[in-house]
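The values are calculated or read from the model by the stated rules, or taken from the named source; none is laboratory data. Model, not experiment: these values are computed from the prediction. Neighbour counts are summed over all protein chains in view; Cβ atoms, including those assigned to glycine, are modelled from backbone coordinates with ideal geometry.
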Amino acid sequence: MDISDTIAAIATPVGEGGLGIIRVSGPDARRVASSLFRHSAGKLDELQSHRMYYGTINDGQSAVDEVCLTFMKAPKSYTKEDTVEISCHGSPAVLRAVLKLVIGAGARMAEPGEFTKRSFLNGRIDLSQAEGVIDLIKSRSEGAARAAYNLMEGGLSSRIDAVRQKLVWVQSHLEASIDFPDEDFQTATDEELVQALGEAVSRMERLIKSYDGGRFLKHGLALAIIGKPNVGKSSLLNALLEEERAIVTHHPGTTRDLIRAEAELAGIRVELVDTAGLNPAPCEIEAEGIRRSLKAAETADAVLGLFDGSRPWEDADTRVLEEMGKSPFHIAVINKTDLTQMLEWPSSSTPPVCVSVKEGSGLGELVSLIASLSKNVTTGGDDEPIVTRLRHREIFLRIAADLKRAAEEVGIGRELASSAVWDALEEIKRFTGESYTEEVLEAIFSEFCVGK
Ligand SMILES: Nc1nc2c(ncn2[C@@H]2O[C@H](COP(=O)(O)OP(=O)(O)OP(=O)(O)O)[C@@H](O)[C@H]2O)c(=O)[nH]1
Ligand SMILES: [Mg+2]
C-alpha cells in the first residue's frame, strides 16, 4: 500500500455552509499549499507548524477564495504526516475549484477513509480506534456517539490490552515449563494459570454480552408489532410516534403492507414496523400481508406481540404468542384495557404489559420496557466499553473459546494450553490491526466518506 504520496479531499459535507475545509496530507502538503496561497501580510518564508494563516488561494491569475490555512507538521497531525487544512467559504463550487488547484499542484484525490487509514498505518491509532472514528461520524443518537467516542479514544483497546498482558504472563509460564521441564523453575501452578485464564474469559464474556445492547445503540432497534387483526397495532404505532402515521379503522384487516417508522423512545433509536394482522382465514391480499408480517418479525431485533384484552383468547392469539416467542427479545402487550376484560392470559407465559392506546395508559411503562431491551447501553454513565461492532464481537467470541480451551488443557498438557493461548493472542492482533488482511482494511475503510 502506497502511503508516500500526497492526498487531498474536501473534508466537509457537500452543500452550502459557512465554512468548507480542504484537507491535504503527505510529504508534499506544505509545498502544494504554499504554491497556491498568498499570505495577507505579503511574502511568507515557510509555513510554520500549528499556526493559522490568513490570505487567499490563487489560480495564478486571481484569487479564488479568502481562506484560513493551517499547517500541521508531521508527526503532530491526524495522519502523522505533514497536513494542511484550508478553511474556505462553504460553497461547493469554491471547494471544487480549490481542490482542483490542489490536485493540479501535485496532490492526488484521496479515497474514502484514506486520512484515517494513514493514521492507522502510521501507527497513531489502532484499527478499533479507526472504527470508532467511522462510528462517531455516523452516530445518530447521543448514546451511539458516546460509545463511538469511547472506542475512538481507545476505551476498548485498553481493556483488550489488559487481557493481552494477562495472557502474556500466562504464556510465559506455560512456555518456561515447556522449554525447561527439568529445571527447577518456579512457574505458576495449574490453579493460578486456570484462574488467570478464567478472569480473561469473564472479561471477554462481559464484552460479548454488551453487544446485545451495543448493536441496538448503533443501528437502532428494529421492533416489529404483530397481533391478530384489529387489536390496535396501527393505533399503537401512531401513539408511539405521536403522529397519525398508519390508517386505523374498526375493520379488521386494515393494514396490509408493512409500515416502517423511526422513533426515539427513551433515548434509543427504534425502527417500528407495523404489520398486517395475523388472520387465521385470510383472503388472498391479506395472506401476502401476513407473509410479510412474519418475515418482518423474523428479521426484527425484537417483536412486540399485541393482544386485545376485550376479547376472549383465540387460537389466533396462540399463534401470535408462538411467533413472538421465536424472537429472543420480545414483549407481550395487552391493549384495550379501557374496555371490559375478557382475555384469559395463559398462565404459563410471561406476564404482559397492559395498555390502553385509546386512553394512553401504560404507554410509559411500555416505552421503558422497549428501552430496557438495550439496557446495557442506556444505563451508560460508567466507563465500561460497549461492543457495537460485529467484527469485534466475533473476535472476542473466538478469544473466549481459545481461552476456555486453554484452561481445560493446562492440566492435560502445557503445550496444548500454550497453543490455545497463542491463538487468542493472534486474535487480539486482528482486533488491534497489528495483523490484518487487505480485505479487512478494505471492508472497514470503505465505510468512510471521502475526506476523513
Ligand atoms: N377501546 C379501545 N379501542 C382501541 C384501542 N386501541 C385501538 N382501538 C380501536 O381498535 C380498532 C382497530 O385499531 P387498529 O389500530 O386499526 O388495529 P390493527 O391491529 O392495526 O388492525 P389491522 O390493521 O386490521 O390488523 C380501531 O377502531 C381502534 O380505534 C384501545 O386502547 N381501546
Ligand atoms: Mg393496522
Task: Asp5 modelled with pLDDT of 95 or more, of a type in the set (Asp, Glu) and either outside the structural domain of Ser119 (by TED's automatic domain parsing) or not in a strand (DSSP E or B) (or both) - done: yes
TODO: Filter region 296-316 for residues that are within 14 Å of ligand 1 (Cβ to nearest atom) and under 21 Å from Lys358 (Cα atoms) and give the result.
DONE: Leu304, Gly305, Leu306, Phe307, Asp308, Gly309, Ser310, Arg311
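So, in region 232-242, how many residues would count as being outside any helix (DSSP H, G or I) and more than 9 Å from ligand 2 (Cβ to nearest atom)?
Residues that pass the stated criteria total 1.
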TODO: Please determine, by comparing only the residues of region 215-231 that are away from ligand 2 (no atom under 16 Å from the Cβ) and buried (at least 21 other Cβ atoms within 10 Å of the Cβ), which one is modelled with the highest pLDDT.
DONE: Leu221
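Could you check region 321-343 and list, in sequence order, the residues that are of a type in the set (Asp, Glu) and more than 16 Å from ligand 1 (Cβ to nearest atom)?
So in region 321-343, the residues of a type in the set (Asp, Glu) come out as 322-323, 338.
Selection gives Glu322 alone.
Here's the yes/no breakdown for (1) in the same structural domain as Phe120 (by TED's automatic domain parsing); (2) modelled with pLDDT under 85; (3) within 20 Å of Arg206 (Cβ to Cβ):
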| site | (1), (2), (3) |
| --- | --- |
| Arg393 | no, no, yes |
| Lys404 | no, no, yes |
| Ala407 | no, no, yes |
| Arg414 | no, no, no |
| Ala417 | no, no, no |
| Ala420 | no, no, no |
| Glu427 | no, no, yes |
| Phe445 | no, no, no |
| Cys449 | no, yes, no |
TODO: State all residues of region 291-303 that are within 24 Å of the chain's Cα centre (by Cα) and in contact (Cβ under 8 Å) with a residue 60 or more places away in the chain; if no residue qualifies, say none.
DONE: Ala296, Ala297, Thr299, Ala300, Asp301, Ala302, Val303
Open item on the list: modelled with pLDDT under 95, within 15 Å of ligand 2 (Cβ to nearest atom) and among the hydrophobic types (A, V, I, L, M, F, W, C): which single residue out of Ile259, Ile285, Ile268, Ile247 fits that description?
Closed with: Ile285
TODO: Identify the single condition in (1) away from ligand 1 (no atom under 11 Å from the Cβ); (2) assigned to a helix (DSSP H, G or I) that Arg269 does not satisfy, given that it satisfies every other one.
DONE: (2)
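For every residue, the table says whether it meets (1) outside the structural domain of Leu151 (by TED's automatic domain parsing); (2) of a type outside the set (Lys, Arg); (3) away from ligand 2 (no atom under 16 Å from the Cβ); (4) within 30 Å of Pro181 (Cβ to Cβ).
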| site | (1), (2), (3), (4) |
| --- | --- |
| Asp315 | yes, yes, yes, no |
| Val333 | yes, yes, no, no |
| Lys336 | yes, no, no, no |
| Leu339 | yes, yes, yes, no |
| Pro351 | yes, yes, yes, no |
| Ser356 | yes, yes, yes, no |
| Gly364 | yes, yes, yes, no |
| Val410 | no, yes, yes, yes |
TODO: Being basic (Lys, Arg), part of a loop (DSSP other than H, G, I, E, B) and either touching a helix residue (DSSP H, G or I) at 6+ places or on another chain (Cβ under 6 Å) or not assigned by TED's automatic domain parsing to the domain that holds Ala296 (or both) narrows it down to one of Arg159, Arg245, so name that one.
DONE: Arg245
Task: Yes/no for Leu278 being touching a residue at least 40 places away in the same chain (Cβ under 8 Å), within 13 Å of ligand 1 (Cβ to nearest atom), buried (at least 23 other Cβ atoms within 10 Å of the Cβ) and more than 17 Å from Val353 (Cα to Cα) - done: yes
TODO: Could you list all residues from region 82-108 that are out of contact with any Cys (no Cβ under 9 Å at 6 or more places or on another chain), β-branched (Val, Ile, Thr) and surrounded by fewer than 22 Cβ atoms within 10 Å (Cβ to Cβ)?
DONE: Ile103
TODO: Considering only residues that are part of a loop (DSSP other than H, G, I, E, B) and surrounded by fewer than 20 Cβ atoms within 10 Å (Cβ to Cβ), look in region 353-378 and name the one that is nearest to the chain's Cα centre (by Cα).
DONE: Gly362
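Would you be able to say whether some residue in region 182-194 is surrounded by fewer than 22 Cβ atoms within 10 Å (Cβ to Cβ), within 14 Å of Phe445 (Cβ to Cβ), at pLDDT below 95 and aliphatic (A, V, I, L, M)? Talk me through it step by step, then tell me what you get.
Pass one, region 182-194, residues surrounded by fewer than 22 Cβ atoms within 10 Å (Cβ to Cβ): 182-192, 194.
Restricting the remaining residues to those that are within 14 Å of Phe445 (Cβ to Cβ) gives none.
No: zero hits.
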TODO: Tell me which of these Pro346 doesn't satisfy, since it passes every other one: (1) within 13 Å of ligand 1 (Cβ to nearest atom); (2) farther than 21 Å from Leu223 by Cα; (3) surrounded by fewer than 20 Cβ atoms within 10 Å (Cβ to Cβ).
DONE: (1)
Task: Enumeration of residues in region 205-237 that are in contact (Cβ under 8 Å) with a residue 60 or more places away in the chain and within 16 Å of ligand 1 (Cβ to nearest atom) - done: Leu223, Ala224, Ile225, Ile226, Gly227, Lys228, Asn230, Val231, Gly232, Lys233, Ser235, Leu236
TODO: Among the residues of region 126-151, write down those that are in contact (Cβ under 8 Å) with a residue 24 or more places away in the chain, of a type in the set (A, V, I, L, M, F, W, C) and in contact with a helix residue (DSSP H, G or I) (Cβ under 7 Å, 6 or more places away or on another chain).
DONE: Leu127, Ala130, Val133, Ala144, Ala147, Ala148, Leu151
